[in-house]
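Values in this text are rule-based calculations from the coordinates and carry no lab data. In this text, all values refer to a predicted model and were calculated from it rather than measured experimentally.
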């Protein structure tokens, strides 16, 4: 399944789009694992994948369209109380994963699906 994060962004209320501009989320590869209770990682493993900061709203290099850049790897929103940021991330993820924004492919032999994650 793939979410159309452009359409999800476009469908947000304008005031929320404005609020999201300039906000950044910390993304950590192990965060999605931690959410499932999988926390048994050595310090070396944790250090091999340090957290990175990304804007919540990015602009596609080719089309110029804005899109949400969120997912289970996003742990919190920088500069906001952790609980508040996590709540906003959860609300955005719930919004973006609505059926109208999700593409589910029915695979056939020879299919190739490309996902543009720029």
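Observations on the structure shown:
- Sum of -39500 (n - 2.57) over DSSP H runs of 4+, divided by residues of the chain (222 nm, nearest 500): -9000 deg cm²/dmol
- The range 2-103 - Rg and Dmax from Cα coordinates, angstrom: 14.4, 43
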